[in-house]
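One structure below.
The values are calculated or read from the model by the stated rules, or taken from the named source; none is laboratory data. Predicted model, so just to flag it, every value in this text is computed and none were measured. Cβ placement follows ideal geometry from the backbone for every residue including glycine, while neighbour counts extend to all protein chains displayed.
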Amino acid sequence: MSSNSLVGDIPDGLERLHDLQILYLQNNKLTGNIPNGIGNCSSLTDLVLSNNNFSGIIPESLSKLPNLQVNLHLSNNNVTGSIPWEFDNLTSVQTLKFSANKLSGSIPDTLGRCKSLQFLDLSKNGFVGDVPLSLGNLSNLASLDLSENNLNGSVLALSSLQGCIKLETLRLEMNHLFGSLQLDFSMLQSLKYFSVSGNNLSGTIPSSFGSSNSSLVLVDLSRNQFTGLIPPHVQSAHLLSLRVLTLAHNNLNGSIPSWIGSLKSLQVLVLSHNALEGPIPQNLADLHGFNVTPTSSASKSGVFTLNQRVNLTLRGLSQEYNYVLVATTFFDLSSNALTGEIPQDLAKLLALRYLNLSNNRLEGEIPPNLGSLRELETLDLSQNRLTGTIPSGLAHISSLSTFNVSFNNLQGLIPADGRGQFWTFDISSYLPGNPGLCGDVIKRQCISPPPQLQPLNFSEDDHWRVFTHAISIPGFWVGMTIGFCSVIFVFISWAPARSFVFHPKKRLAGGRHSRYGASKTRS
């Protein structure tokens, strides 16, 4: 009777259904308390009440179902209280799912006696305390999800889970666990999905996650307080299945180890918000997982299901993904102290969709061959020390929807093509910073550089140069001729001028006589 939009309470009288084996009431609008009488359905093997509006507590009578072997699902309701300690009687049940309720208190140690348990999901509740050590006794356990609670004990309790040799999924993200992670991954050869993101873990990252014959697909240690180096000596050949590695938002330092570039299946790499330094390793361009496309022979469906949520920051927003598309390729090294140039070989990652290198100390020019990344959707190179121009090839990436190069020292015209892709980005994609950039999109005109002064050249036939002034030879001779003729005219027409030239003695004598005669007359 699932997905029929049933409303109201479950009617009384279920206790009389002694032969009832399977009861599916999920995906309805049922309300009220879970009937106590269900515990009297002695033949019940499978009980699914998830995705309703049940409230109240979990009836203790459910622990008395002697034949319950498959499922007990109460997820996505409004159930309160704690898990009854008497659930250790459910020694044959395979799946317990109580996620997304309002349960509280500690996780009972008695769950460690449910020997047949394969899937335990208590996520999205309000449980406190430690991870019970007794869970390490569940040798058949394949999936343990305690994420999004208020667990505030020591992470050292995880060492007990090393006895769960069939464990594939271990999710503890979004709690308040503290201490140093000392889990020996070499003891968990079947582990595929491991997340302790969003806790208060400290110390260094154990190198054992690269142990021999590892099956790990996802490792998420982000949003903790891990310090020190990313383990420098990890056998990447033991991590052939690893697709997602995120160590973001920690206090890691040192350089990015080269073994990361040898992870052949990796398609999500997030090392942002640490204190990593040094250059970006050249061999990160060898990450073959960044060349997988939906049409690749690796997956005809185009989807690789992680069975694991992972938080990725896209376009400035943190988003949660329940799966990773084969074509989803995410490369984020932002907010570190990386130096050097952007490796040109990153253009080999032809299926790269999200590239974020912002807030580092990268120098040099933007590699022009990044324009060959035709699947690129997000490119963020802001807050670096990049120089040169924006490569025109980037304007031809039609899939590019987010672009940011602000807070750099770029110059020149913002490129555009026939579709004008770069002219559609907001001004914040380019400014502040980049004092030499120009174009209509940032309302800054491109000014041609002023013409350079020609060097002095005294071998020219038609010009003399005196200091910085050019003199025309024909004009010079015209001026000289006019001046000479003027002198001759004055000489011929003015008698004093002729006397001055031809009779100098007479001029001098007359001058003296006139001077002294005047003196005598006055006396």
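Quick notes on this structure:
- One residue from Ile57, Ile10 being crowded, with 16+ Cβ neighbours inside 10 Å and either among the hydrophobic types (A, V, I, L, M, F, W, C) or modelled with pLDDT of 95 or more (or both): Ile10
- Residue match in the stretch 366-374 (condition: in contact with a strand residue (DSSP E or B) (Cβ under 7 Å, 6 or more places away or on another chain), assigned to a loop (DSSP other than H, G, I, E, B) and of a type outside the set (Ser, Thr, Tyr)): no
- Contacts under 9 angstrom Cβ, first residue in the stretch 17-28 being over 11 Å from Leu72 (Cα atoms), partner buried (at least 16 other Cβ atoms within 10 Å of the Cβ) and among the charged types (D, E, K, R), 6 or more apart: Gln21/Asp46
- Summed over the stretch 360-398, residues that are free of Cβ contacts under 8 Å to residues at least 40 places away in the same chain and surrounded by fewer than 20 Cβ atoms within 10 Å (Cβ to Cβ) total 20.
- Within the stretch 203-228, tally of residues that are part of a strand (DSSP E or B) and either surrounded by fewer than 17 Cβ atoms within 10 Å (Cβ to Cβ) or out of contact with any Ser or Thr (no Cβ under 9 Å at 6 or more places or on another chain) (or both): 2
- Strands (runs of 3 or more DSSP E) lying entirely in the stretch 229-275 (those with 1 or more residues that are under 22 Å from Glu173 (Cβ atoms) and touching a helix residue (DSSP H, G or I) at 6+ places or on another chain (Cβ under 8 Å)): 244-246, 268-270
- Comparison of Ser159, Ser195, Ser215 shows that the only residue that is in contact with an Asp or Glu (Cβ under 6 Å, 6 or more places away or on another chain) and either basic (Lys, Arg) or under 30 Å from Leu271 (Cβ atoms) (or both) is Ser195.
- Flag for Asn409 being surrounded by fewer than 18 Cβ atoms within 10 Å (Cβ to Cβ), assigned to a helix (DSSP H, G or I) and either in contact (Cβ under 8 Å) with a residue 12 or more places away in the chain or polar (S, T, N, Q) (or both): no
- Within the stretch 338-359, the set of residues being under 16 Å from Pro281 (Cα atoms) and surrounded by 22 or more Cβ atoms within 10 Å (Cβ to Cβ) comprises Leu338, Ile342, Leu349, Leu355, Asn356, Leu357.
- Here Arg113 meets the list (1) surrounded by fewer than 23 Cβ atoms within 10 Å (Cβ to Cβ); (2) over 33 Å from the mean Cα position of the chain (by Cα); (3) closer than 19 Å to Leu191 by Cα almost entirely, failing just condition (3).
- Residues satisfying the stated conditions in the stretch 384-401, i.e. outside any helix (DSSP H, G or I) and in contact with a strand residue (DSSP E or B) (Cβ under 9 Å, 6 or more places away or on another chain): Asn384, Arg385, Leu386, Thr387, Gly388, Thr389, Ile390, Pro391, Ile397, Leu400, Ser401
- The set of residues in the stretch 133-148 being under 35 Å from the mean Cα position of the chain (by Cα) and not aliphatic (A, V, I, L, M) consists of Ser143, Asp145, Ser147, Glu148.
- Counting only residues that are aliphatic (A, V, I, L, M) and outside any loop (DSSP other than H, G, I, E, B), the stretch 151-174 holds 7 of them.
- Subset of the stretch 208-228 [under 23 Å from the mean Cα position of the chain (by Cα) and among the small types (Gly, Ala, Ser)]: Ser222, Gly228
- Within the stretch 175-195, restricting attention to residues that are in a loop (DSSP other than H, G, I, E, B) and at pLDDT 95 or above, the residue that is surrounded by the fewest Cβ atoms within 10 Å (Cβ to Cβ) is His176.
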